[in-house]
Amino acid sequence: MKKINSIQNPLIKSLVLLKEKSRNRKKSSNFLIEGQREISLAIKGGYEIEKILFFPKIYSEIKAQELFSNAEIIEINKEVFTKLAYRETSDGIIVVAKSKNFNLSSLKLSDNPLILIAEAIEKPGNIGAILRTADAAKIDAVIIANYKSDLYNPNVIRSSIGCVFTTQIAVSETDDIISFLEENNINVYCASLQNSNSYHNQNFTKPTAIVVGNEANGLSKKWLDFGTSINIPMRGEIDSMNVSASAAVLIFEATRQREFS
């Protein structure tokens with residue numbers, strides 16, 4: 001079994017770049033996952049694990065061998081582990097995984113789908129929170145429109161607590177997503193403060209896509225022209241909520257309606 005005890009090792013240097021640089025993740029089609037729960041969800045989601053790096057004072061060699069038999073197992077010391085880990089508590093294990101394509105054509109929808117669409121979300125933490133909502137509500141899919149980052153950003157993985165691996169996800173441009181929704185006869189409801197009606201008055205029991213927008217600017221005109229605009233009535237001093245909180249309110253209203261329909 002290989003052992004690496006230097007942060008100057010060429011492999012370790014390349015893995016640091018995977019952690020820090022989106023372009024390196026995209027170029028290599030690899031990314032890092034840390035933490036037992038997240039790794040277990042990635043395996044459950046069918047991700048290919050190429051390398052397992054473990055710090056023996058926290059995570060045993062036997063457990064590493066049991067985790068994924070076909071992967072290369074590498075023992076690392078505390079200095080290397082600290083260099084690679086994104087957070088302080090990572091269970092002593094980090095893996096290199098092969099990324100997947102998030103194509104619209106790969107989505108498998110139910111006969112009465114419920115989809116959450118997020119347009120141009122900038123903060124990885126909000127993407128992660130949206131994916132947790134999708135998992136909690138067990139909706140069909142999350143579609144991300146006009147996304148400028150990548151879903152294997154360590155912040156997305158951390159904030160989603162691994163739901164990025166077990167949720168059906170597609171990433172595409174708005175025009176392509178609108179065409180996809182039209183082809184599948186899915187009703188579209190767009191969260192907006194302007195010219196909108198309360199979400200309580202909508203029927204989400206049929207094939208439905210709920211669309212939420214950018215943290216600062218909301219949804220683009222294309223979405224507002226295409227779908228039915230809905231709002232969450234604000235009873236306090238502010239006029240809006242965090243995008244992930246809004247998505248949760250709307251999605252769980254849709255699931256509530258479907259349970260009693």
Under a 1.4 Å probe, counting only protein heavy atoms, Phe204 has an accessible area in Å², nearest 10, of 0
With charges set only on the Cβ (+1 for Lys and Arg, -1 for Asp and Glu), what does the dipole of the chain come to about its Cα centre, in debye to the nearest 20?
840
Taking the dipole of the chain about the Cα centre (Lys, Arg +1; Asp, Glu -1; charges at Cβ), the one of Ile52, Tyr152, Gly128 that reaches farthest to the positive side is Ile52
Set of aspartates and glutamates with alpha-carbon distance to Lys26 below 19 Å, sequence-local pairs under 8 removed:
Glu34, Glu48, Glu50, Glu122, Asp150, Glu173
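Hey, with R₀ at 25 Å, roughly what FRET efficiency would Arg87 and Lys138 work out to, going by the Cβ-Cβ distance, to 0.05? Walk me through the numbers on the way to the answer.
On the way: r = 27 Å, r/R0 = 1.08.
Rounded to the nearest 0.05, the efficiency is 0.40.
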Pull out the extension gain between Asp176 and Glu237, defined as 0.36 nm times the separation in residues minus the alpha carbon to alpha carbon distance; nm, one decimal.
18.2 nm
Of the peptides 149-158, 83-92, how do they stack up when ordered by the mean number of other Cβ atoms within 10 Å, highest first?
149-158, 83-92
Over the chain, what percent of the accessible surface lies on carbon and sulfur atoms, probe 1.4 Å?
46
Say each of Asn24 and Asn217 gets a label point 7 Å from the Cα, pointing the same way as Cα to Cβ; how far apart are those two points in nm?
3.1
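Dividing the convex hull volume of the alpha carbon atoms of the range 28-97 by its residue count, what do you get in Å³ per residue?
Numbers: hull volume 5.8 nm³, N = 70.
Given the Cα convex hull of the range 28-97, per-residue volume reads 83 Å³.
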Per the charge dipole of the range 144-261 (beta-carbon charges, Lys/Arg positive, Asp/Glu negative, Cα centre), the residue among Ser179, Asn201, Trp223 reaching farthest to the positive end is Asn201
Step through the table entries Lys3/Lys78; Lys44/Lys100; Lys78/Lys123; Lys21/Lys51, compare each Cα-Cα distance with 23 Å, and write down the pairs that go over it.
Lys78/Lys123
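Could you give the dipole magnitude of the range 179-237 about its Cα centre, charging the beta-carbon of Lys and Arg +1 and that of Asp and Glu -1, in debye to the nearest 20? Walk me through the numbers before you get to the answer.
Details: 4 positive and 5 negative charges, 23 e Å.
It comes to approximately 120 debye.
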Based on Cβ point charges of +1 for Lys and Arg and -1 for Asp and Glu, what charge dipole magnitude is obtained for the range 54-109 about its Cα centre, in debye rounded to the nearest 20?
300
Taking a straight Cα-to-Cα line shorter than 14 Å from Lys13, and setting aside same-chain aspartates and glutamates fewer than 8 residues away, one finds Glu79
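Can you tell me, using C-alpha contacts under 8 Å and at least 6 residues apart, the relative contact order of the chain as a whole percent? All intermediate terms of the calculation are to be shown ahead of the outcome.
On the way: 472 pairs, mean separation 49.2, N = 261.
Reported as a whole number, the value is 19 percent.
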I'd like to check one number: the per residue accessible area of the range 47-198, probe 1.4 Å, reported in Å² as a whole number.
46
The long-range amide H neighbours of Asn77, using H built 1.01 Å from N in the peptide plane and a cut-off of under 5 Å, are Ile4
Counting DSSP beta bridges with both ends in the chain, the antiparallel % (nearest 5):
25
Could you list which residues have their amide H under 5 Å from that of Phe31, counting only those 5 or more apart in sequence or on another chain, with H placed in the peptide plane?
Ala97, Ser99
Calculate, in nm to one decimal, what Arg258 and Asn187 gain on full extension: separation in residues at 0.36 nm each, minus their alpha carbon distance.
24.1 nm
Using a Gaussian network model of the chain with C-alpha springs under 10 Å, which one of Glu66, Glu79, Glu215 is most mobile by mean-square fluctuation?
Glu66
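The values are calculated or read from the model by the stated rules, or taken from the named source; none is laboratory data. Given the structure is predicted, the values throughout are model-derived calculations rather than measurements. As a convention, Cβ positions derive from the backbone with ideal geometry for all residues, glycine included, and neighbour counts pool all protein chains shown. Surface accessibility is based on the protein's heavy atoms, side chains included, excluding ligands, DNA and RNA. Shrake-Rupley method; radii C 1.70, N 1.55, O 1.52, S 1.80 Å.
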